[in-house]
Each structure stands twice: as C-alpha cells, then as structure tokens.
1. With the structure loaded, tell me whether residue 120 is assigned to a loop (DSSP other than H, G, I, E, B) and either out of contact with any Cys (no Cβ under 8 Å at 6 or more places or on another chain) or surrounded by 13 or more Cβ atoms within 10 Å (Cβ to Cβ) (or both) or whether it fails that test.
2. Kindly provide the set of residues from segment 146-159 that are open to solvent by 10 Å² or more (accessible area, probe 1.4 Å) and in contact with a helix residue (DSSP H, G or I) (Cβ under 8 Å, 6 or more places away or on another chain), ordered by number.
3. Taking segment 49-99 on its own, how many of its residues are of a type in the set (Val, Ile, Thr) and either touching a Leu at 6+ places or on another chain (Cβ under 6 Å) or more than 24 Å from residue 151 (Cβ to Cβ) (or both)?
4. Return the total of residues in segment 123-165 being under 20 Å from residue 42 (Cβ atoms), hydrophobic (A, V, I, L, M, F, W, C) and in a loop (DSSP other than H, G, I, E, B).
5. Does segment 8-48 hold any residues that are crowded, with 17+ Cβ neighbours inside 10 Å and more than 25 Å from residue 121 (Cβ to Cβ), and which are they?
6. I want to confirm something. Restricting to segment 53-80 and keeping residues that are of a type in the set (Lys, Arg) and open to solvent by 90 Å² or more (accessible area, probe 1.4 Å), which single residue is farthest from residue 122 (Cα to Cα)?
7. Please verify whether residue 25 is in contact (Cβ under 8 Å) with a residue 24 or more places away in the chain, of a type in the set (D, E, K, R) and touching a strand residue (DSSP E or B) at 6+ places or on another chain (Cβ under 8 Å), treating the condition exactly as stated.
8. Taking only pairs six or more apart or across chains, which ones have beta-carbon atoms under 7 Å, a first residue in segment 122-150 that is farther than 13 Å from residue 63 by Cβ and of a type in the set (D, E, K, R), and a second residue that is modelled with pLDDT under 95 and open to solvent by 60 Å² or more (accessible area, probe 1.4 Å)?
Amino acid sequence: MCDFNTLSDEEKLHYHTLLLDAAEKFGGKNFFLQLLEAIRDTKPHPLTAANREFTFELGTVKWNKVIFNDKLQLLQKARINEGKQNNLLPPKDEKSYKKVLNLVRTLKPIVFHVKPAHKEDGPGFFFQPFVRVDDETTKLNPLFDALFFCAIETVKKILNYEPKA
C-alpha cells in the first residue's frame, strides 16, 4: 500500500475510503496526520512500548500484547517483501518462512484501539495488524501499515486521492 503510485485505481479508492473513514473517526485528516507524525517522531518505535500504549495530546493508541523489538525488526523486513510478492509470508521453501509465520501467529490476535482525546472529535476505531486472505496469503492491514510504517506523504496522497471521473 505504501507504494501508492503502483496501485490500480480500484485499490487507490479502497485505501482512500478506508483511511478517510479512520481519519474521520479520529477527528479528521489533520488530527490523523498529526497522530502519524507523533508516531514517526517517537524513538524507540512506539510498538515496542512496554505499557502497550502510545499517547499524545490528541489521543491514544492502545494494544493488548507487548511487541518485542526482534518481532518489530522481522515485521519491517517482511513488510518490504510483501510489496514484491503480494504476501507477507515468504514462499514455504525460503529460510525465513517459519520465522515470519510465527511472527504472524504472535501478532495476529493483537487489537489496536485508536481513540481521540476528546469524545466530540469522534468515536475512534480499532483494527488488527493483518488481513488473512487465505491459508497461504496474509497481508498487512492497510490501517496498521499507514499508522506505523508508511511515509506521511504517501498517507496524505491516499487521504487526498480523487478518483478519475
């Protein structure tokens, strides 16, 4: 998803609708982009927070399981390959297959809750890190990818996308 220019018009529209809906539930595009900036500026990566929470002035992101740094590093490597092979899981004969499969099994049950600081800004939203297409195919959830990994410029492009008439 982060390579927006290579997507089909249908995919662009799908991601635009998905992210715009999430942004509206968090208080609008501006608040959503500020959340992304705050996440990008936080070191070490917020996903490795021991308290399973990321808080900034406009809201919070909470999740129900600690993510260790080695899992985050593996996820970032697998994420790069997902774009090439259209699947987070590498081919079964590859050396890293079992590690990535275990990563997916470990992170799959996690639920992320994103809530704005003020109720009047929106109800917030929740999501899981992966979308299971079938037994052989798992992809990163576009919300998870946008929130924690994609370049902010790409997310802006997606949010501002207008389908061709």
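1. Details: assigned to a loop (DSSP other than H, G, I, E, B): no; either out of contact with any Cys (no Cβ under 8 Å at 6 or more places or on another chain) or surrounded by 13 or more Cβ atoms within 10 Å (Cβ to Cβ) (or both): yes.
Judged against the criteria, residue 120 is not a match.
2. Let us first name the residues in segment 146-159 that are open to solvent by 10 Å² or more (accessible area, probe 1.4 Å), namely 149, 151-154, 156-157.
149, 152, 154, 156, 157, listed by residue number.
3. Within segment 49-99, the subset of a type in the set (Val, Ile, Thr) is 55, 60-61, 66-67, 80.
Still in the running and either touching a Leu at 6+ places or on another chain (Cβ under 6 Å) or more than 24 Å from residue 151 (Cβ to Cβ) (or both): 66-67.
The total comes to 2.
4. Count: 3.
5. Matches in segment 8-48: 12, 45.
6. The first filter runs over segment 53-80 and keeps only residues of a type in the set (Lys, Arg), leaving 62, 65, 71, 77, 79.
Retained after the next criterion (residues that are open to solvent by 90 Å² or more (accessible area, probe 1.4 Å)): 62, 77.
Values: 62: 16, 77: 34 Å.
Among them, the one singled out is 77.
7. Details: in contact (Cβ under 8 Å) with a residue 24 or more places away in the chain: yes; of a type in the set (D, E, K, R): yes; touching a strand residue (DSSP E or B) at 6+ places or on another chain (Cβ under 8 Å): yes.
Answer is yes for this residue.
8. Every condition considered, the pairs that remain are 139/131; 139/133.
The values are calculated or read from the model by the stated rules, or taken from the named source; none is laboratory data. None of these values were measured; they are calculated from a predicted model. We place every Cβ from the backbone using ideal geometry, glycine too, and count neighbours over all the protein chains shown. All accessible areas refer to the heavy atoms of the entire protein, side chains included, with ligands and DNA or RNA removed. Shrake-Rupley method; radii C 1.70, N 1.55, O 1.52, S 1.80 Å.
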